[in-house]
Amino acid sequence: MLLARERALATVRAELGTPRPSRPNEGTLQVAVDVTPTAAPGADRSNDLTVGLERLLERCLRESRCVDQESLCVVADEKVWQLRLHVELLDLGGNACDAAALAALAALCHFRRPHVSVTGGEVRLCPADEAEPVPLAVLHKPVLVTFAFFGDGQHFVADPTEIEERASEGLLTVGMNSYREICTLHLTGKLLLSKQQVLECTELAAARARSLTSQLRRALTADEAERTALHPFPGLARVELERMATAAASVRLSGAVRGPALTAEQISEMEKEVDEKLSVFRHKDMAAAAEIGQGGASQWGPPSEDEEGDQDEMWPRTAETPAKTAPTASDSDSEGEQTVLHPEDLEPHAEPGTGKGLRCPMPVR
Amino acid sequence: MELLSDQGLRVDGRRAHELRNVECRLGVFGRADGSAYLEQGNTRVLATVYGPHEARAAQRRHDVASINCQYRQAVFSGWERGRRAGGGGDRRAQELGALLQNTLESVVLVELYPRSQIDVYVQVLQADGGTYATCVNAATLALIDAGVALRDYVCACSASVLRDQPLVDLNSLETSGAPELTAALLPRSGRLPLLEMSQRFHVDKLGELLDVAETACRDVHTILNRAVRRHVSARSSEK
């Protein structure tokens, strides 16, 4: 999920386990957030951010009943699906909440769990080739929108960058879904708000939530169509997420927060462009990209040996690099070093299927 | 079980706009600089304040005081025993501690105590809904008892809307059944330093909910104010 300079990656895993004693016929959803050291210097030691973000995501996704947890029950009192949602913040460009929430939501909507058959007292997990993996029952799609306040609450901006966040007096995070329901409100910092400001922010958040969820829905539909065309791939495929993310980022860059929403043609044009670039890197023969339940081989290959001492290469290049084409090439970092992407950098060096991707430098802060 | 009966009575017999019974005592501990014990219905919270005292080097800021808040929930306080440290209980405690710090930082006149530290410890003895609001109120009372300079009282209350009827001061049964908004108010300026929400409700109800929460917070303010004056006059008449 790429929201301008902010990158987050979300994964959903499911295991069969025993339910909580207070809720015997509901599945569980656990959220864990990690800030990797590559996100910002010294970031992995910051505990407040991860705990705050975890609780915010839990409130936004779990307590607002985004996923129908009763549908995760297999055998009441004995076996339920335990979902673990893991969000990794790869690059802190400001506004980690919004990116993490959108990534988490995309992962939940995209996730497919194996089909289980219960015969008598026996629970059997059906492998993917026997029964089509089942999506989660997502009742509504909440997204978070953050506003940063300045000047004793007089002025505010939506979706703050890192500098705006640091300079602000406080942040108001509003979680809304496309039905204009507020799922969470969260105020941080030494901010004193008036009722009028809160109402104004929620109106703006409603518009933004609507555009983001329609964006997400389009990307999910496109992915679904592709999924049925190819093999059923259980679990998370990062290529699809990146595609959604890039499209979402493009919408953000064109100032869709306060300005008019982009027309459907413009959005689909942008998506086509991104699709063309992505099609170079898509691996049709790739095995399942995530494990569900039984575990399996990790698809995160080791850093390629033929890189010239590029320490930033810690994750598969295939999925990472396409997302950089649209936004970061046009963004300029006010803080100094920025590796500018040139078109020649984006040519693939190796053929698909070998696990080695293309070499593309990460923007350095 | 219905949370709101047809006659407009809630599970504990209150009307929709009524707060629970509030009992508070200031200065319950001798050693702490300030302390307060607050009961709102069956929710019981103890707050202690140590400070302002010299800050540890890591926390020292040259121009303002730093506020350190810790929230703890006793293992016997909830429905299920055993909120042991580590895991879900610890994370929630961290979140609420950070939230309390944010709220208090906006109301304590920190410019008056540079290079010092104010510790606020909140312990929940019994949790029956509206825990966080009670903690904020108890922390305010403890700060007043400690003589720390405050901009205003911070009065917090929880509110909700159920079948188009706004409710205030939810107990734990109502919290699990309805969306809950916890808001704190500075009564003199009418501004909100704290806004927290769980579950979901429609945005059109937000205005009404904020109004109802504000009225409830002002009611809480009346009660706290009376308690503080009573305590101060009792202390001064002792001497």
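The numbers here are math on the coordinates, done by the rules we state, and not lab data. It should be emphasised that the depicted structure is a prediction, and the values quoted were computed from it without experimental measurement. No Cβ is skipped: glycine too gets one built from the backbone with ideal geometry, and neighbour counts run over all protein chains shown.
Here are the numbers for the structure shown:
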read-out: Backbone HN-Hα couplings from phi across segment B:2-17 [Karplus 6.51/-1.76/1.60, Hz, Gly and Pro as x]; value: 9, 6, 9, 7, 5, 7, x, 9, 8, 4, 9, x, 7, 7, 4, 9
read-out: Inter-site label distance for A:Gln30 and A:Ala167 at 7 Å from Cα along Cβ, in nm; value: 4.2
read-out: Size-normalised alpha-carbon gyration radius of chain B, reference 2.2 N^0.38 Å; value: 1.02
read-out: Residues of segment B:1-27 with amide N under 17 Å of a point placed 7 Å along Cα→Cβ from B:Asp164; value: B:4-9, B:16
read-out: Length released on extending from B:Gln70 to B:Ala234, taking residue separation times 0.36 nm less the Cα-Cα span; value: 56.1 nm
read-out: Nonlocal amide H pairs with A:Leu29, under 5 Å, H built at 1.01 Å; value: A:Leu83
read-out: Long-range HN-HN contacts of A:Ala10 with modeled amide H, under 5 Å; value: A:Glu88
read-out: Karplus-derived 3J(HN,Hα), 6.51/-1.76/1.60, for each residue of segment B:158-173, Hz, glycine and proline x; value: 9, 9, 7, 10, 10, 6, 6, 10, x, 10, 10, 6, 7, 8, 5, 4
read-out: C-alpha center-to-center spacing [segment A:202-226, segment A:74-116] in angstrom; value: 17
read-out: A:Gln154-A:Gln196 pseudo-label distance in nm [points 7 Å out on the Cα-to-Cβ vector]; value: 1.4
read-out: GluC sites (Glu not before Pro) restricted to segment B:1-80 and DSSP loop, no more than 12 other C-beta within 10 Å; value: B:Glu2, B:Glu80
read-out: Amide hydrogen neighbours beyond the local backbone of A:Lys79, cut-off 5 Å, H modeled; value: A:Val74
read-out: Summed side-chain charge close to B:Glu23 - residues other than B:Glu23 whose Cβ falls under 11 Å, Lys, Arg +1, Asp, Glu -1; value: +2
read-out: Segment A:104-119 - phi-based ³J(HN,Hα) in whole Hz, Karplus 6.51/-1.76/1.60, Gly and Pro as x; value: 4, 5, 4, 5, 5, 6, 7, 5, 10, 9, x, 7, 10, 10, 10, 10
read-out: Separation of the B:Asp63 and B:Leu109 label points, Cα + 7 Å toward Cβ, nm; value: 1.8
read-out: Longest DSSP-loop-exposure-free segment, chymotrypsin sites (Phe, Trp or Tyr not before Pro), chain B, at most 13 other Cβ within 10 Å; value: B:80-239
read-out: Net charge, B:Leu143 excluded, C-beta distance under 14 Å - Lys, Arg +1, Asp, Glu -1; value: -4
read-out: Surrounding net charge for A:Cys73, when Lys and Arg each add one and Asp and Glu each subtract one, Cβ distance under 12 Å; value: -2
read-out: Computed E for B:Ala149/B:Asn21 - FRET, C-beta separation, R0 41 angstrom, nearest 0.05; value: 0.85
